[in-house]
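Reviewing the structure listed below.
The values are calculated or read from the model by the stated rules, or taken from the named source; none is laboratory data. No experiment lies behind these values; they were computed from the predicted model shown. Note that we place each Cβ from the backbone using ideal geometry, even for glycine, and neighbour counts take in every protein chain shown.
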Amino acid sequence: MNALNQFIPDTEPERQFYFIEKASELIKRQAKENGKPLTYFIQTFGCQMNSRDSEKLAGILEKVGYVPCEEEDKADFVIYNTCSIRENANTRVYGRLGHLNAIKKKRKSLKIALCGCMMQEPDEIEKVRTQFKFVDIVFGTHNIFKLAELIFNSFEAEGTIIDIWKDTDKIVEDIPNVRKYPFKSGVNITFGCNNFCTYCIVPYVRGRERSREPKEIIREVERFVADGVKEVMLLGQNVNSYGKNLDNPITFAELINAVANVEGLERVRFMTPHPKDLSDELIDVIAANKKICRHIHLPLQSGSSRILKAMNRRYTKEGYLALVDKIRTKLPDVALTTDIIVGFPGETEEDFNDTIDVVRKAEFDSAFTFIYSKRIGTPAAVMDNQIPEEVTKERFSRLLAVVNECATKRCGLDRGKTLPVLVEDVNEQNPELLTGRLSNNTLVHFAGSKELIGQIVNVKLNESKGFYYLGEKE
Ligand code: 5AD
Ligand code: SF4
């Protein structure tokens, strides 16, 4: 250990505060030489979990002195926060890396980092190591909090820095972060997943499930509220299993109730519950608390009990439908959405018809439909009877037609009502309009000035356009 190392704290987050200082000295020097601040661009692939991680990366980057840049091609530091849930997510990243390489050839000072789920796959790391040598920093899902340290090291050393942890039992609190929206934010409650659905790569790339301490979660929400946040979304791969392994166990229902009671907070959402253990207690807490949004995303994956067993989902077709019934009875104003995979190994026409049957009976408000993608390392990848592409594609389009038919029945049910809308943005197509969201997650467009962004306003829902409403502010 050299003399300098003796002063580097070995506890977190103190160690990172040290490296934030050190890296910011380097960045300041560089900016002075360039005559302008250094800039960053983060491209996020994948889910809300990754989006929240990117906010933490942005927080660290801004603390060390980078400023945001809208254009990827002009930034001094580009980070791709990758996703590996389906194969096409991986392919997209490599396509874009080729483009970045061309820029780096002209502008040597460009720094490139790769992180996120794809980087937890050993085959992908090997590919980056051998075919994408121009990448400066590679890290995974468990050590994003270390970004300042990695930046500092990459300024000091030649070649690619690769720092991947296989798993972790650590949760590092108090790392800086910036929010994409001033008025809403994701809040991590659990990291990782222990469910091992047989098609899914998440347990391998996000590691074992860990819950944050409730007091840390409440503290973060209180801080957000003091800073103007109106809505939070509690994030976990399976929120229902929150808190079971804490020293003082607490249920997800108790947590969400405590969050909803934070003074000044207007709305709470959550993503994603697992149907196998969505409790009556949770349904009752939602029913009793209007601050909890009227939207439940309840991934079905398949409607066939046989396929659900092969997927290791641990519920049956009948069990799922009974849960839907209970939710619809106790929470009549809830919008129910889902995820469905078509073409899981061994799926027969009969199995597929069970999926169609559940979709018709559950009458989902909307559904994300996916074609099964083989993920190396998961049990399903080596199962017999992988389904040919043409069969899957044909089933996929049949499913889509039924999903749309059901969504059409459900949407428009609130036409004529006046309901609160959290205003999120100016409408992308028409700058005279604003876009916001109902408690049940449906989009509403209405005329108004952009000062209303971030506020909750009452809007009369005049017209239903399928997946959204046109309305007018009261
Ligand atoms: N192939 C297709 N879809 C998948 N999902 C997860 N893994 C796969 C896979 N290998 C879908 C599931 C999950 C959503 C986030 O992605 O439906 O709920
Ligand atoms: Fe994947 Fe299943 Fe965990 Fe969801 S619950 S992240 S589908 S393993």
### Query
Quick one: would you say GLY243 is more than 17 Å from the chain's Cα centre (by Cα), outside any helix (DSSP H, G or I) and in contact (Cβ under 8 Å) with a residue 60 or more places away in the chain?
no
### Message
Can you find, within segment 226-239, the residue that is farthest from the chain's Cα centre (by Cα) among those that are outside any loop (DSSP other than H, G, I, E, B) and over 11 Å from VAL259 (Cα atoms)?
### Response
ALA226
### Message
Please determine whether any residue of segment 210-222 is touching a residue at least 40 places away in the same chain (Cβ under 8 Å), away from ligand 1 (no atom under 16 Å from the Cβ), of a type in the set (Val, Ile, Thr) and farther than 24 Å from GLU62 by Cα.
### Response
yes
### Query
Of all residues in segment 300-309 being crowded, with 20+ Cβ neighbours inside 10 Å and at negative phi, which is farthest from ligand 1 (Cβ to nearest atom)?
SER304
#### Entry: Exclusive hit being within 30 Å of LEU308 (Cβ to Cβ) and basic (Lys, Arg), set ARG179, ARG210
ARG210
### Query
Has segment 66-84 got at least one residue that is more than 21 Å from the chain's Cα centre (by Cα) and of a type in the set (Lys, Arg)?
yes
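Each row is one residue, and each column tells you yes or no for (1) modelled with pLDDT of 95 or more; (2) surrounded by fewer than 21 Cβ atoms within 10 Å (Cβ to Cβ); (3) of a type outside the set (Val, Ile, Thr).
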residue: ALA31; (1), (2), (3): yes, yes, yes
residue: ALA58; (1), (2), (3): yes, no, yes
residue: GLY65; (1), (2), (3): yes, yes, yes
residue: GLU87; (1), (2), (3): no, yes, yes
residue: GLY98; (1), (2), (3): no, yes, yes
#### Entry: Residues that are within 14 Å of ligand 2 (Cβ to nearest atom) and among the hydroxyl-bearing types (Ser, Thr, Tyr), drawn from segment 189-236
THR190, THR198, TYR199, TYR204
#### Entry: Close pairs (6 angstrom Cβ cut-off, 6 or more residues apart or separate chains): at negative phi and free of Cβ contacts under 8 Å to residues at least 40 places away in the same chain in segment 278-290, surrounded by 14 or more Cβ atoms within 10 Å (Cβ to Cβ) and of a type in the set (A, V, I, L, M, F, W, C) anywhere
GLU281/ALA253; VAL285/ALA253; ASN289/ALA260
### Query
Do we have any residue at all in segment 232-244 that's under 27 Å from PRO420 (Cβ atoms), surrounded by fewer than 21 Cβ atoms within 10 Å (Cβ to Cβ), modelled with pLDDT of 95 or more and not basic (Lys, Arg)?
yes
### Query
Under the condition of being surrounded by fewer than 20 Cβ atoms within 10 Å (Cβ to Cβ) and part of a helix (DSSP H, G or I), which residue from segment 33-49 is nearest to the chain's Cα centre (by Cα)?
GLN48
### Message
Six or more apart or on different chains, Cβ atoms under 8 Å: show the pairs whose first residue is in segment 368-379 and within 13 Å of THR355 (Cβ to Cβ) and whose second is near ligand 1 (Cβ under 9 Å from one of its atoms) and hydroxyl-bearing (Ser, Thr, Tyr).
### Response
TYR372/TYR199
### Message
Being free of Cβ contacts under 8 Å to residues at least 60 places away in the same chain and among the aliphatic types (A, V, I, L, M): is that true of LEU300 here?
### Response
no
## Note on the structure
By residue number, the members of segment 102-117 that are within 15 Å of GLN43 (Cβ to Cβ) and not small (Gly, Ala, Ser) are ILE103, LEU110, LYS111, ILE112, LEU114, CYS115, CYS117
### Query
From the list GLY159, GLY95, which residue is closer than 30 Å to CYS200 by Cβ, more than 16 Å from ligand 1 (Cβ to nearest atom) and free of Cβ contacts under 8 Å to residues at least 40 places away in the same chain?
GLY95
